[in-house]
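Values quoted throughout were computed directly from the atomic coordinates according to the rules given, and no laboratory measurement underlies them. Worth saying up front: this structure is predicted, and the values here are computed from it rather than measured. Neighbour counts run over all protein chains shown; Cβ positions are idealised from the backbone, glycine included.
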Amino acid sequence: MGFTYLDLLILVAYIVGITYFGIRVAGKQKTTKDYFLGGKKIPWWAVCFAIVAAETSTLTVISVPGLAYLTNLNFLQIAIGYLIGRIVVSFVILPAYFRGELGTAYTYLHTRFGAKMKNIASGTFMLTRLAADGVRLFATAIPLAVILRGTVIAESLSPTNIYVLSIAIIALVALTYTFIGGIRSVIWIDVIQMCIYIGGAIAAIIIVVGLIPGGLTAAVSEAFRAGKLQFFNFAPEGGLGAFFQTPYTFLGGLIGGAFLSMASHGIDQLIVQRLLTTGSVKSSRKALIGTGIIVIFQFAIFLFLGSLLYVYYGGASITPDEVFPTFIVQEMPTGLSGLIIAGLFAAAMSTLAGSISSLTSATVYDYLIPYSKWFTEDNQVKISRIFIVIWSILLACSALLFMRSPQAVVELALSIASFTYGGLLGTFFLGVLFTRTKQIHAIPAFFTGILVMIYVILFTSIAWTWYTIIGTTVTVSMGLLLSYLIDRES
């Protein structure tokens, strides 16, 4: 059917409307507490939806169907692990964040260990988030690039430059409402866009089923015969070596997913910033556990959609990250395709906006407020907005680096995050669970975890799902060993 001018009109209207809405709900931004923490008065259910949108919107909508198109439903095992990890975070790590006035996740490390450990952890978060969300921004540019290829713009721009233009457009829109409205705008826009893209996925399933001869029964039967509906993978062929090299095994998914979720939702400022906006442990706990339940449902929808697209296209050779965007542009009814693409962009922009806000809040709370005398109550919001612009530009530049990656973007982003998550999570565990550890133990333990992960990534074929648990185990073990040896010597 193609992407018509009506679809384009809907897309533009939606982007303009959602940006205007974000500005309207912003309220007055007088202090950094208003700008980065929403005055700590955001309802828990809104934070719950916002977290789900921020963590999975772009990657889920675009890349997860492509992953199922290539493989099967094994990825859903990781989603179950995600729920387990969030429950652990809710009762082990979250209470520590509400003791005192914390601006970031890493302020806790300052209180527990000292300024050096806090600065190292916050800096590591910034580098990791810059890379991982560069991937997310690139993933968001894919559907826009698919649309622009069918317009007159394609006549004057190369495929690479079309991606560059797509990235610039999305980054600019996200920058606009984040710059003006802060985290309050980001969260309330997330609430709307999550409903849009989940509704769009359900609509896509209904449409693709209608296009397959024989309907749902025939589609499910064909997907089952092709192995696309396989959920559990208890024992991959090849013995123990294959077990640790296969990312989507049952134990690997449960354990790896749990540890990855403990890291991403327990010590990553992108998520912790949102949890702090609720103002209480009880509310943030409800929000966090709620996200685990929603994410399982959400992954199931998009993986099933990918399996149906495999049946519809007959297993044709299509770039996995372009399967769903291509279907939207070419096969969805006029008007509906524009709304779904609009939902994709809104989801992506809110994810990007959340990243911009979290990076800037870490810069402000962890580096400017403690060390800069010229950062005062009179200029704090103005200076914060300068860093909003700087981080937006850096994220756009980061996205350009991933345009030629052959790996599915969802796996690429999670692999990047897993690289440092183990060291960070292990350091938090040393602080929360073990009272005898000090900064002199935590810092070398953290770097040991990172060095081990460099070796694991560069010189082994261990799957990315094991990265976080390996890094966490090494960090905690080294911290405890050093605390024993150093205390014994002294």
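Here are some notes:
- Mean ellipticity per residue at 222 nm, deg cm²/dmol - from DSSP H runs of n ≥ 4 across the chain, formula -39500 (n - 2.57): -26000 deg cm²/dmol
- Computed from the Kirkwood radius of its Cα pairs, the Stokes-Einstein diffusion coefficient for the range 1-90 at 4 °C and 1.567 mPa s stands at 76 µm²/s.
- When S185, S317 are sorted by how many other C-beta atoms sit within 10 angstrom of their C-beta, beginning with the fewest, the order is S317, S185.
- Proxy reagent accessibility, fewest Cβ within 10 Å first, across F402, F243, F234: F234, F243, F402
- Packing rank of 105-116, 88-99, where each peptide gets the mean count of other beta carbons within 10 Å, highest leading: 105-116, 88-99
- Size descriptors for the range 170-315 (Cα atoms only): Rg and Dmax, in that order, 19.6, 55 Å.
- Using alpha-carbon coordinates, inclination of helix 439-459 to the longest axis of the chain, degrees: 30 degrees
- Extension gain for C195-L216 works out to 5.1 nm (0.36 nm per residue, less the C-alpha to C-alpha distance).
- When the charge dipole of the chain is built from unit charges on Cβ atoms (+1 for Lys and Arg, -1 for Asp and Glu) and taken about the Cα centre, the candidate among I271, G338, I206 whose Cα reaches farthest toward its positive end is I271.
- Average projected area [Cα convex hull, the range 5-404], square nanometres: 20.1 nm²
- Theoretical FRET efficiency, 1/(1+(r/R0)^6), r = Cβ-Cβ of F459 and R24, R0 51 Å, to 0.05: 0.45
- For the chain, the longest principal axis of the Cα atoms and the long axis of helix 115-148 meet at an angle of about 10 degrees.
- Using C-alpha pairs below 8 Å separated by at least 6 residues, the relative contact order for the chain is 34 percent.
- Remark: E331, E155 ranked as E155, E331, counting other beta-carbon atoms within 10 Å and listing the fewest first.
- If you wrap the tightest convex hull around every Cα atom of the range 159-225 and split its volume per residue, you get 142 Å³.
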